[in-house]
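Undergrad: I'd like to ask some things about the structure below.
The values are calculated or read from the model by the stated rules, or taken from the named source; none is laboratory data. As the structure is a computational prediction, the values presented were derived from the model and not from experiment. Cβ coordinates were reconstructed from backbone atoms using ideal geometry, including for glycine residues, and neighbour counts include every protein chain displayed.
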Amino acid sequence: MVAKSSEQRSGHLVLPGERLGVIEEFIPDSGTYSKDGVIYSKIVGCALMDMLNRKVSVYPLVEEATVPKVGTNVIGQVGNAQSDNVLVRIFKVGDKNLSGIFSGILHISDVSDRYVDSMNDACKPGDVIRAKVISEKNQIYHLSTADNDSGVLYGFCGRCGNLLEQKRNEMRCPKCGNIENRKIAPGYGKEEI
Ligand SMILES: [Zn+2]
């Protein structure tokens, strides 16, 4: 009664390694593998038993994982800062939240199209930035905020941690009056993250 149970499984959620049938009844198709004559699901998905063509396949239920790619815009939070670069924890690509955290690095030479003397004048740890991925090596994404639409979306006071307000060419802390510099992006303080 193997065929019947397979039929009943059609359209159901299956897990990797779940038995789908045997090669005597089906041809293993996409999303499946066979071992010792038994067909198993390779992925989490929806099983489809094509009784007419005697094929079994599994369709992924979830969209393919979103990962940063060269040329895409990402949103991340500035972490550790050195004098000439900062680490960025990327959590969003385009308008999609990422399931994992990806590491980016922003070098001082890629901060702005103008000369920047100190990383502190562009962004600081804790800031949320929009950046473009310019290269990738060993899953470390090299970022740039030189574009007009890139830069800091939310900047926080280095003294008290309050959100800085944009006042003409400087950033001012409404709480403690501290004045700082940032390379800000359009939509500063308004972007939904
Ligand atoms: Zn402050």
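Undergrad: Consider Gly161 carefully, then state whether it is within 16 Å of the ligand (Cβ to nearest atom) and surrounded by 15 or more Cβ atoms within 10 Å (Cβ to Cβ).
TA: No; evaluated as a whole, the condition is false for this residue.
Undergrad: Exactly one condition in (1) touching an Asp or Glu at 6+ places or on another chain (Cβ under 8 Å); (2) free of Cβ contacts under 8 Å to residues at least 12 places away in the same chain is false for Val70; which is it?
TA: (2)
Undergrad: Same structure again: Just need a number here: residues in the range 167-191 that are surrounded by 15 or more Cβ atoms within 10 Å (Cβ to Cβ), part of a loop (DSSP other than H, G, I, E, B) and near the ligand (Cβ under 10 Å from one of its atoms).
TA: Of the residues in the range 167-191, 2 are surrounded by 15 or more Cβ atoms within 10 Å (Cβ to Cβ), part of a loop (DSSP other than H, G, I, E, B) and near the ligand (Cβ under 10 Å from one of its atoms).
Undergrad: Going by what's in this entry, would Arg130 be described as modelled with pLDDT of 95 or more, under 22 Å from Arg172 (Cα atoms) and charged (D, E, K, R)?
TA: Considered against the rule, which asks whether it is modelled with pLDDT of 95 or more, under 22 Å from Arg172 (Cα atoms) and charged (D, E, K, R), Arg130 comes out as yes.
Undergrad: Which one of these is hydroxyl-bearing (Ser, Thr, Tyr), touching a Leu at 6+ places or on another chain (Cβ under 8 Å) and either within 16 Å of the ligand (Cβ to nearest atom) or farther than 30 Å from Pro28 by Cβ (or both): Ser144, Ser150, Ser83?
TA: On inspection, the qualifying residue turns out to be Ser144.
Undergrad: Quick one: which strands (runs of 3 or more DSSP E) sit completely within the range 55-156 and have at least 3 residues that are surrounded by fewer than 20 Cβ atoms within 10 Å (Cβ to Cβ)?
TA: Because the criterion is at least 3 residues that are surrounded by fewer than 20 Cβ atoms within 10 Å (Cβ to Cβ), the strands (runs of 3 or more DSSP E) in the range 55-156 that meet it are 55-60, 73-81, 85-93, 96-107, 128-137, 140-144.
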